[in-house]
1. Just to be sure I understand, how many residues within the stretch 212-244 are away from ligand 2 (no atom under 16 Å from the Cβ), charged (D, E, K, R) and either crowded, with 17+ Cβ neighbours inside 10 Å or touching a residue at least 40 places away in the same chain (Cβ under 8 Å) (or both)?
2. Only one of these is assigned by TED's automatic domain parsing to the domain that holds residue 298 and either touching a Ser or Thr at 6+ places or on another chain (Cβ under 8 Å) or under 27 Å from residue 52 (Cα atoms) (or both): 204, 150. Name it.
3. Of the residues that sit in the stretch 210-268 and are in contact with a Pro (Cβ under 8 Å, 6 or more places away or on another chain) and over 24 Å from residue 51 (Cβ atoms), which one is nearest to ligand 1 (Cβ to nearest atom)?
4. For the stretch 231-243, indicate whether the set of residues that are over 15 Å from the mean Cα position of the chain (by Cα), assigned to a loop (DSSP other than H, G, I, E, B) and closer than 30 Å to residue 298 by Cβ is non-empty.
5. Are any residues in the stretch 187-209 among the acidic types (Asp, Glu), part of a loop (DSSP other than H, G, I, E, B) and near ligand 2 (Cβ under 10 Å from one of its atoms), and if so, which ones?
6. Any residue at all in the stretch 210-228 that's more than 23 Å from the chain's Cα centre (by Cα), in the same structural domain as residue 301 (by TED's automatic domain parsing) and part of a helix (DSSP H, G or I)?
7. In this structure, does residue 184 turn out to be over 21 Å from residue 54 (Cα atoms) and outside any loop (DSSP other than H, G, I, E, B)?
8. Take residue 142 and decide whether it is over 30 Å from residue 307 (Cβ atoms), crowded, with 16+ Cβ neighbours inside 10 Å and within 16 Å of ligand 2 (Cβ to nearest atom).
Amino acid sequence: MPSPNCDIESLIKSQALSLGFDACGFAAATPVDDEAVASYDRWIRQGRNGCMQWAAGHRDLRRDPTLLLDGAQTVISLALNYYPARFQPAGALRVAYYAYGRDYHEVLREKMTKLADFIEEITHCATRPCVDSAPIRERYWAQRAGIGFVGRNNCLILPGKGSYYFLGEIVTTASLSPDEPCTMSCGDCGRCVEVCPSGALRDVGGADCNRCLSCLLIENHDESLPEWVSGVAGDRVVGCDECQLCCPHNAHAEPTTIEDFAPTEAVMTLTRERIMAMTGGGFRRTFAHSAISRLRLKTLRRNAALVTDVD
Ligand code: SF4
Ligand code: SF4
């Protein structure tokens, strides 16, 4: 039972930190504001969601968290550091940091379930943890819950910590005092716009997923990609971190202490030859608990075949 000297909000935050989360904030579960809805709708209308057709669905759920959980009062936003302590060696085909270790869905779900159980125990209210499992505007809620701001690179940036963070939300019927929204912004930086190898950030209002290498290499499962992609993908086969690597907010990123996110042997030794020689069963076994399993072997092979500048 909570100590009478400690408010519920502090107890939940301190439990989140003790579970390994790096940030936790609360926002009232009122509908997403009109400006954010209009901006998202514009992004979809312009077709900038590319192959991510799912992003166009569930418009109502995306707007109103009470449709995700009856009687929802609060959206709790959580962030978990994945910045690696060790990196792939030269010669390994490049994998974005988020996919180095164990599948973040598994890791986050375990931690969020524990936190949700704790919240239910001390508040006697209902919870619904969301880890890419519900249509919820996670960066919007993170900003509203005060844990960071959305950068020009479309990542959530935690002030003083950077952007290598997984996000998760717990929608709850518990009424918790909301935190102050984060009001920081990129100012006149624009470095990521310059650095993006494919020009996906040129237009304001969200990345163009038709050009973003992260979307093309991970979400797009077509047999082949547009010809220009091989000219800019370099040795990347899973995602792209370029717009985070260049961001000044990541200059002092601290490595995660979560061992699950350390690079696996398969990631450290990933070569074109290994990918091409892999069987379906080998792929499933190798990446059973990795976010790379979501790519499918045929997509990973397609990406590896594009690599032109690594032997
Ligand atoms: S992930 Fe890569 S391709 Fe996509 S916007 Fe960032 S830098 Fe550009
Ligand atoms: S590189 Fe600059 S413009 Fe891009 S997200 Fe970081 S601070 Fe914002």
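The values are calculated or read from the model by the stated rules, or taken from the named source; none is laboratory data. What you see is a predicted model; the values in this text were computed from it and never measured. Cβ placement follows ideal geometry from the backbone for every residue including glycine, while neighbour counts extend to all protein chains displayed.
1. 5
2. Residue meeting the stated conditions: 204.
3. 249
4. Yes, that holds for at least one residue.
5. Passing the criteria: only 188.
6. Looking for residues that are more than 23 Å from the chain's Cα centre (by Cα), in the same structural domain as residue 301 (by TED's automatic domain parsing) and part of a helix (DSSP H, G or I), one finds at least one in the stretch 210-228, hence yes.
7. When the stated conditions are applied, residue 184 does not pass them.
8. For residue 142, the condition - over 30 Å from residue 307 (Cβ atoms), crowded, with 16+ Cβ neighbours inside 10 Å and within 16 Å of ligand 2 (Cβ to nearest atom) - is met.
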